[in-house]
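Notes for the one structure printed next.
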Amino acid sequence: MQLLSNMQAMKSYGLLIFFLFLITGGGWSQSISISVDKLPLEKVFILIEKQSGYNFIYSTEAMTQSKPVTLQVKDESLSKVLTLCFRDQPLNYTTTDNKHVIVKLKAEEKPVPTSRELRGKVVNENGEGVAGVTIAVKGTKLVSVSDKKGDFIFPEAPLLVTLMISGAEMNAQELYVGNDPFAFVHVKVKVGTLDETMVIAYGKVTRRYATGTVASIKAEEISRQPISNPIAALAGRISGLQIVQRSGVPGALVTVQLRGQNSLANGNDPLYVVDGIPFPSATLNGQFGGGAGIASSPFNNLNASDIESIEVLKDAEATSIYGSRGANGVILITTKKGIQGKTRTSIRFYSGVGAISRRMDLLNTKQYLMMRREAFANDGITPTNSNAKDLLLWDTTRYTDWQEELIGKTMHVTELNTSLSGGSGQTQFLIRGAYRKETTVFPGNFGEEKFSGSMNLVHQSIDKRFSLTFSTLGVHNKNILPRQDLSSQITLSPNAPSIYAADGGLNWENSTWTNPLAGVSNVFRSITDNLITNISMSYRIGRGFELKTTGGYTSITTKENLLTPRSVFDPSFGFGAEAGFGNKSIKTLIAEPQLTYERSIKKARLALLVGSTVQSTHQTALYQVGLGYTSDDLLYSLKSASSILTFGETDILYRYAGVFGRLNFDWDKKWLLTFTMRRDGSSRYGTGNRFANFGSAGVGWIFTDEPFLRNNSFFSFGKLKVTAGTTGNDQIGDYKYLDLYAPGNYRYLGNTTFNPVQLFNPDYGWEQVLKREVRLETGWLKNRILFNAGYYHNTTTNQLVSYSLPLLTGFSGVVKNIPAKIRNNGFEFELNGDLLKAKRWSWSVSMNLTIPKNKLLSFEGLESSSYSNYYVLGQSLFIVKSYGYKEVDPASGKYTFIDYNQDNGISSPADEQAVVNISQTLYGGLQSSIRYGKLNLSVLFQFARQPNQQNYLGRFSSPGYLMNQPTLVLDRWRKPGDVTDIQRFSNSDPDAGYAFYLYRSSNAAYSDASFIRLKNLYLSYNLLNDQLRHAGFSDCQLFVQGQNLLTISRYKGLDPETQSFLPPIRLLSAGVQVTF
Amino acid sequence: MKYNVVISILIFCSLSSCRKFVDPGSPTTQLGSKVIFNNEATATGAQLAIYAGMESGGFVYNVILQSGLSADEFINYSSASEDINFALNNLTPDNYAVSVSWTNLYSFIYQANAVLEGLEGASNISSLASQQLKGEAKFVRAFCHFYLTGIFGDIPIVRTTDYASNTLLSRNKVDDVYDFIAEDLRNAAELLPENYLGGNNRPSAQRVRPNKWAAVALLARVYLYQGKWQQAETESSKVIAFTSLYSLLPNPDKVFLANSTEAIWQLMAIVPQINSQPGSQLILKGRPALVALDTAFVNSFQLNDSRKVSWVNSVTDGGFIYFYPFKYKIGQNVSVVTEYTMVLRLAEQYLIRSEARANQNKLSEATSDLNIIRERAGLAPLPVLPLADLLRSIQNERKFELFTEFGDRWLNLKRTNTATSILSALKGSNWASTDQLYPIPQSEINLNRNLTQNPGY
């Protein structure tokens, strides 16, 4: 009966539970049909089990005494059938809530037990036991507390138990156990932020005892954002880490910079490591450049919800063990593992809609026509069909809002994640599957579809000496975008012709314009498959020694198609169709054997790690273009092309080997010392320069463990640490030291042609980054409030860059070391507070803030180098030398500029002396979570102060041209004496045109782009109640997510973050999450 | 002790195997320059790559289009401000299209210098082949410098591949550039054979690798530009005299066919689906995407000029007539090759000699050279005119004979100092005499402080 009422309750939860029904199959079938003749009772039980989902529990002795059954029932209830079966049996039976039928001999019938022993174990997210957690049996006064290993016991617990779990460092929760005799209770317990385990290089550590600076975000925070790219989830959450989303199209590049720009020119990406295997940071797009005018991010080929945590390693102590690859920081991505306990299924589903987050105010047709006519009047030129088609040939009464037409569509996103996990104490597994689809705001059928699957297996021998982790994940990503970012076309005249002609085809208006929708058939499709497999084995030899080996393989392949059908072009031009084909694959093999030794003597603890790395990465690519198609429908077929051209071909081997060691020495858990070293060899360097050494030292002092502060509950934690060390950078490309020729695209006179590939330099050597840091970490009010402040100071010397050269040298650059020294320093602050913690209420806030500085300290020969017009000694690298804008001359109505060299003319570079600093001067994020009962609200604000960024001008021509303009140009100069900052309208006055050119290259082209953005809002309602718990649910919630809901900025342009690309999407979605 | 020895050996072995492990060898799809220049076929491939680059890249079309717009040959129909600014002579230093010509030409020069340097150390190549390739490389280097100085005026002369010194080069005076070009061409003429060679370095009917006469013909033009009339006459005479290879075709329709007897040097058609670059880009099927021939130019042909019939065509779209050059008859989407891009041809040599002779006061010889070209066009021969009139007639003839061929019109307007008088009348206030030189690309000036900008930018 209780089951039935359960079911009714469930029905009210509608669709969600319907899911569950599907998954658990037909177990609820209540009508039983049996027709047997003298069948042993045991076999009848099997028939009933099959139809009812109930299990019979009985002893063999009971069965030997049972009688065969003769029975004929049709569509009868379970209770009726059972009554009939047991009618003449020497047996009694009872049914339980968790679908058991307990069968016992009548003779031995005892009083039904009302209590039994219940054992359990409290473990945290990492499967480690947690001590000091209070477990109470609901409805009784029984209470137990978990011991050091997390174990607890109730010698006499009642049947059908619900446990109430509470502790100092966790949210109170309830768990239905039922009648399980040994209840292995997996409880998700939050440990204090200080004692959370973090993944670091070749190991783990808690924040409390870490000497390196590591920041971390967990699966929960990642999952609050309806994003596809896991790296984007870091935005605004981590101090020192600048994340810039470059465009609002699905899969677009996200640039990541940790603690500023170390290198003058390139190679500023952090090292990414997924489950121990390096993952490429550069885009996978090849010679077609990517869709919507922007390259795609490689991390989009991971599934964000597969990820358990992302750790950002910042300082020398944390990164120098990565030696030659650690200069720009290291980002460790760790995927989810299975959890010991009963088999669990989790489903998370959401769906939402979005649109671009910002638009510009552009002229309407009336204003636009007025501008054009005034421009011609100002120039003293009569409009003609060739210079004023908008005024004379086009309908001057039309108005099209091109922002609405081209980037104004509503996009959709849908994501489904499922997982199955479980296992015993020895073996745990996790299997995950996910699907995601995201469309675009462009007209047409564009978007991204992502399928992913992963498996993770953890096994330990009984003696716990041997352990093995195996994981594999695969992602299939299909991304279809227009070749062009259609936001580049919003400047079309507002009275431009209609998109479609009367016959429904594209309108070319007698070839007087380029129809923007033609670009929609210029499709870029990329299909990427990503496979990451790794295995890690360890064996505890004894006496503190442990041997560990990890090995991994990744394979990323991308297939690209770029379609240029005839319909892209005005048919009267008679252009032919063509199709581009790209194939790229990157395969990496890595092995890292390690040996660790750990020993404690009295107050001292020593941990030693030695290991080595061998890595081999093979990258191949082939780019072809098919020409001479007879049909636009065959452009995915290379065979249908009448000629094929191969224009790109690579076959690159990158090899890397290193040995490393780390020594940790702790005294009394108070003084923490760490030394690391690494010797690296990289195939990217010439013969004599392949090897280099790196190392670091760090010391931490937990001064709150000194007698004068010990056990102070107000100032509960304090650690001061100082670290210093060196790292390097080998992001320079392969074979740059060789003088190479590659086959050309075309044969000439039947010969293969050969083109020089690059300027080469056999002698370049390692660049070194010296990182130093002082950091204070504190905890207040029993660590409810954590406050950290750090100062970092990194200097890079012997800059290894792709040195820009004037093109008259034949190439745009060469890899070489330059005697430049760059300093990145800054302050980082982090505040974490559990401000309110009550039974119904809780409120926590976390905030981070970074004040970065960047300075070119020295550059021998800067004046004679290629960079003399770009950088200034003592200034930031993020500067632009531009013309100094003065005013709009009230007499002539044209822009005027400061004549620095007083030669009565404005010329470059002599007059480009107005230095504009375009660096971010402050950035960070504020996150706050409020829980009230079953409601949870979390918001994330991201903010940046960037006083100068390229403003709208990059998108626009001189006002008066045949192109729309922002409404702010209405404030233009009209007659002598006018004082304004917008020059006179002009269509073809060369002086006005040149003045605008200078204006666009002047300091007026930069303006404040600071912003505060409500990056994420997450509201969830927890539906879990006793009935659902009894039905086996451990999680059940409804949620609403919003992304980029609000942006506050004075930026004159589309968006202060994406600037010249499509603005980020403002997205709202809703979904459910269940676990059972 | 034993352990120490074992450990030392282990460390040594692992280190040396490490060294080997991180040596990736050479990439498998590319060749080192030593290998390239140690084999005749690949070394030849390195030189032929330059011609392939000229034909397949934007260089040819860019020069024709941009100088045609800057001068008076084309009307612009593009709405891209970069194109409009060519037509209006309102270029700015950040105009991308300007930098493309600069970049292309200097990268060809790099390749030519790399061939010259690569052959220096090559031991496996026959001296004959080596001589041929060196001659071609010098020719190409001269050819590219010629167009660079024609477009930009003073330009840096690049003699080596050494980026360390090239990156700081400053601009050389136009006169010095011409002297350098002439020197290279004289060398090339000595090194190159009289006949044409194929891809296997054996004689061939294909006129797509420069021979001695290509070098001589370009040298004649350089002397003309320098006003060295006597040398210009001598050099052009050499080409005209080599009648076993070169003769004017009576029918103008056949001049631009592949390997026509008028061709001194052509670029082989190698891009699939098209023949010559100009043909594929300039032949119209409707309203132009970019340019059409200027109607005023078309109307200025004399009556009976067969070149107007053969070399100009038109299309009507939406009630408007658009003219286009029809020297090349083959447009796009054609797989049979019958036409090559013409770079140097005999008719120009007659015009060079005519002008060179006129300036040496050999008026009747000059007139007879000019009349050879006129007669082929079906025009009546001119009588011997006074010098000034004759020179004007020669310029006029160049305009109709060599229109839309490698910017000849634009370069000659500037050479003869008539650009301002002719173009200011057409372009009005947009024209300034400083528009004769394109701006040095801003990005180049930014990277090389020794480069200066042209006046007016």
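For the range B:128-144, state whether one or more residues are out of contact with any helix residue (DSSP H, G or I) (no Cβ under 9 Å at 6 or more places or on another chain), more than 25 Å from A:Ser864 (Cβ to Cβ), at pLDDT below 95 and surrounded by fewer than 24 Cβ atoms within 10 Å (Cβ to Cβ).
Within the range B:128-144, one or more residues are out of contact with any helix residue (DSSP H, G or I) (no Cβ under 9 Å at 6 or more places or on another chain), more than 25 Å from A:Ser864 (Cβ to Cβ), at pLDDT below 95 and surrounded by fewer than 24 Cβ atoms within 10 Å (Cβ to Cβ).
Scan the range B:282-309 residue by residue and report those that are within 14 Å of chain A (Cβ to nearest Cβ), farther than 17 Å from B:Asp253 by Cα, surrounded by fewer than 22 Cβ atoms within 10 Å (Cβ to Cβ) and at pLDDT 90 or above.
Correct list: B:Asp294, B:Thr295, B:Ala296.
Can you give me the number of residues within the range B:381-403 that are assigned to a loop (DSSP other than H, G, I, E, B) and either within 29 Å of B:Ile64 (Cα to Cα) or open to solvent by 60 Å² or more (accessible area, probe 1.4 Å) (or both)?
Of the residues in that region, 6 qualify.
Sort out which residues of the range B:190-233 are more than 14 Å from chain A (Cβ to nearest Cβ) and assigned to a loop (DSSP other than H, G, I, E, B), and write them in order of number.
Across the range B:190-233, the qualifying residues are B:Leu192, B:Pro193, B:Glu194, B:Asn195, B:Gly227, B:Lys228.
How many residues, within the range A:717-744, are more than 37 Å from the chain's Cα centre (by Cα) and over 17 Å from B:Ala41 (Cα atoms)?
Summing the residues that are more than 37 Å from the chain's Cα centre (by Cα) and over 17 Å from B:Ala41 (Cα atoms) in the range A:717-744 gives 1.
Mind telling me which of the residues A:Tyr792, A:Tyr867, A:Tyr871, A:Tyr803 ends up being aromatic (Phe, Trp, Tyr) and more than 14 Å from chain B (Cβ to nearest Cβ)? Spell out how you get there, then give the answer.
Numbers: A:Tyr867 fails: more than 14 Å from chain B (Cβ to nearest Cβ); A:Tyr871 fails: more than 14 Å from chain B (Cβ to nearest Cβ); A:Tyr803 fails: more than 14 Å from chain B (Cβ to nearest Cβ).
Selected residue: A:Tyr792, the only one of A:Tyr792, A:Tyr867, A:Tyr871, A:Tyr803 that is aromatic (Phe, Trp, Tyr) and more than 14 Å from chain B (Cβ to nearest Cβ).
Can you tell me how many residues within the range A:945-975 are open to solvent by less than 10 Å² (accessible area, probe 1.4 Å), of a type in the set (A, V, I, L, M) and touching a residue at least 60 places away in the same chain (Cβ under 8 Å)?
Within the range A:945-975, residues that are open to solvent by less than 10 Å² (accessible area, probe 1.4 Å), of a type in the set (A, V, I, L, M) and touching a residue at least 60 places away in the same chain (Cβ under 8 Å) number 1.
Restrict the check to the range A:51-59 and report whether at least one residue is open to solvent by 60 Å² or more (accessible area, probe 1.4 Å), in a loop (DSSP other than H, G, I, E, B) and of a type in the set (Ser, Thr, Tyr).
yes
Residues checked against (1) touching a residue at least 24 places away in the same chain (Cβ under 8 Å); (2) crowded, with 18+ Cβ neighbours inside 10 Å:
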{"site": "A:Thr64", "(1), (2)": "no, no"}
{"site": "A:Leu82", "(1), (2)": "yes, yes"}
{"site": "A:Asn98", "(1), (2)": "yes, no"}
{"site": "A:Thr114", "(1), (2)": "yes, no"}
{"site": "A:Arg119", "(1), (2)": "yes, no"}
{"site": "A:Ser146", "(1), (2)": "yes, yes"}
{"site": "A:Lys149", "(1), (2)": "yes, no"}
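The conditions are (1) assigned to a helix (DSSP H, G or I); (2) polar (S, T, N, Q); (3) open to solvent by 10 Å² or more (accessible area, probe 1.4 Å), and B:Ser236 fails exactly one of them. Which is it?
The failed condition is (3).
This table checks each residue for (1) touching a residue at least 24 places away in the same chain (Cβ under 8 Å); (2) farther than 24 Å from A:Tyr1018 by Cβ; (3) part of a helix (DSSP H, G or I).
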{"position": "A:Arg344", "(1), (2), (3)": "yes, no, no"}
{"position": "A:Met360", "(1), (2), (3)": "yes, yes, no"}
{"position": "A:Thr384", "(1), (2), (3)": "no, yes, no"}
{"position": "A:Asp390", "(1), (2), (3)": "yes, yes, yes"}
{"position": "A:Thr396", "(1), (2), (3)": "yes, yes, no"}
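Let me confirm something: among A:Glu828, A:Glu773, A:Glu777, which residue is closer than 30 Å to A:Arg690 by Cβ and part of a strand (DSSP E or B)?
Values: A:Glu828 fails: closer than 30 Å to A:Arg690 by Cβ; A:Glu777 fails: closer than 30 Å to A:Arg690 by Cβ.
One residue alone meets the criteria, A:Glu773.
May I ask you to verify whether A:Lys74 is in the same structural domain as A:His100 (by TED's automatic domain parsing), open to solvent by 20 Å² or more (accessible area, probe 1.4 Å) and either part of a helix (DSSP H, G or I) or farther than 14 Å from A:Val103 by Cβ (or both)?
Answer is yes for this residue.
Where residues in the range B:409-436 are within 14 Å of another protein chain (Cβ to nearest Cβ) and not in a helix (DSSP H, G or I), which of them is surrounded by the fewest Cβ atoms within 10 Å (Cβ to Cβ)?
So, considering only residues that are within 14 Å of another protein chain (Cβ to nearest Cβ) and not in a helix (DSSP H, G or I), the one surrounded by the fewest Cβ atoms within 10 Å (Cβ to Cβ) is B:Ala432.
What number goes with the only condition from (1) modelled with pLDDT under 95; (2) under 30 Å from A:Gln257 (Cα atoms) that A:Leu940 does not pass?
For A:Leu940, the exception is condition (1).
How many of the residues making up the range A:233-245 are out of contact with any Asp or Glu (no Cβ under 8 Å at 6 or more places or on another chain) and touching a residue at least 60 places away in the same chain (Cβ under 8 Å)?
6
Only one residue in B:Ile64, B:Ile84, B:Ile109 is outside any loop (DSSP other than H, G, I, E, B), within 30 Å of A:Asp390 (Cβ to Cβ), facing chain A (nearest Cβ under 9 Å) and of a type in the set (A, V, I, L, M). Which one?
Numbers: B:Ile64 fails: facing chain A (nearest Cβ under 9 Å); B:Ile109 fails: within 30 Å of A:Asp390 (Cβ to Cβ).
Only one candidate qualifies: B:Ile84.
Given the residues A:Ile499, A:Ile480, A:Ile556, A:Ile490, which is the only one that is modelled with pLDDT of 95 or more and either over 26 Å from A:Leu638 (Cβ atoms) or open to solvent by less than 10 Å² (accessible area, probe 1.4 Å) (or both)?
After ruling out the rest, the residue left standing is A:Ile556.
Test each condition in (1) within 30 Å of A:Asn794 (Cα to Cα); (2) in contact with a strand residue (DSSP E or B) (Cβ under 7 Å, 6 or more places away or on another chain); (3) open to solvent by 10 Å² or more (accessible area, probe 1.4 Å) for A:Gly267 and report the one that comes out false.
Failing condition for A:Gly267: (2).
All but one of (1) open to solvent by 50 Å² or more (accessible area, probe 1.4 Å); (2) under 20 Å from B:Pro252 (Cβ atoms) hold for B:Ser364; which doesn't?
Of the numbered conditions (1) open to solvent by 50 Å² or more (accessible area, probe 1.4 Å); (2) under 20 Å from B:Pro252 (Cβ atoms), the odd one out for B:Ser364 is (2).
What is the number of the single condition among (1) touching a residue at least 40 places away in the same chain (Cβ under 8 Å); (2) of a type in the set (A, V, I, L, M, F, W, C); (3) under 13 Å from A:Thr211 (Cβ atoms) that A:Trp671 does not meet?
Tallying (1) touching a residue at least 40 places away in the same chain (Cβ under 8 Å); (2) of a type in the set (A, V, I, L, M, F, W, C); (3) under 13 Å from A:Thr211 (Cβ atoms), A:Trp671 fails exactly one: (1).
Given the criterion in the same structural domain as B:Arg398 (by TED's automatic domain parsing), open to solvent by 20 Å² or more (accessible area, probe 1.4 Å) and either in contact (Cβ under 8 Å) with a residue 60 or more places away in the chain or under 19 Å from the mean Cα position of the chain (by Cα) (or both), identify the matching residue among B:Ile75, B:Ile151. If you could, list the steps in order and put the result at the bottom.
On the way: B:Ile151 fails: open to solvent by 20 Å² or more (accessible area, probe 1.4 Å).
Criteria check complete, one pass: B:Ile75.
Which one is least open to solvent (accessible area, probe 1.4 Å), of the residues in the range A:633-653 that are more than 7 Å from chain B (Cβ to nearest Cβ) and in a strand (DSSP E or B)?
A:Gly648
Given the options B:Tyr340, B:Tyr457, B:Tyr350, name the one that is within 14 Å of chain A (Cβ to nearest Cβ), under 23 Å from B:Ala214 (Cβ atoms) and in contact (Cβ under 8 Å) with a residue 24 or more places away in the chain.
Only one candidate qualifies: B:Tyr340.
Any residue that is more than 30 Å from A:Gly611 (Cα to Cα), at pLDDT 90 or above and either open to solvent by 40 Å² or more (accessible area, probe 1.4 Å) or within 32 Å of the chain's Cα centre (by Cα) (or both) - is there at least one of those in the range A:331-343?
no
What number of residues in the range A:907-944 are open to solvent by 20 Å² or more (accessible area, probe 1.4 Å), among the aromatic types (Phe, Trp, Tyr) and either within 14 Å of chain B (Cβ to nearest Cβ) or farther than 30 Å from A:Leu1024 by Cα (or both)?
Residues that pass the stated criteria total 1.
With the requirement that a residue be acidic (Asp, Glu) and open to solvent by less than 40 Å² (accessible area, probe 1.4 Å), what does the range A:654-684 give you?
If the condition is that a residue be acidic (Asp, Glu) and open to solvent by less than 40 Å² (accessible area, probe 1.4 Å), then A:Asp666, A:Asp680 are the ones that fit.
The values are calculated or read from the model by the stated rules, or taken from the named source; none is laboratory data. Here the structure is a predicted model, which is why all the values come from computation and not from measurement. Using ideal geometry, Cβ is built from the backbone for each residue, glycine included, and neighbour counts are taken over all protein chains shown. Just so you know, the surface numbers come from the protein's heavy atoms only, side chains and all, with ligands and any DNA or RNA stripped out. Shrake-Rupley method; radii C 1.70, N 1.55, O 1.52, S 1.80 Å.
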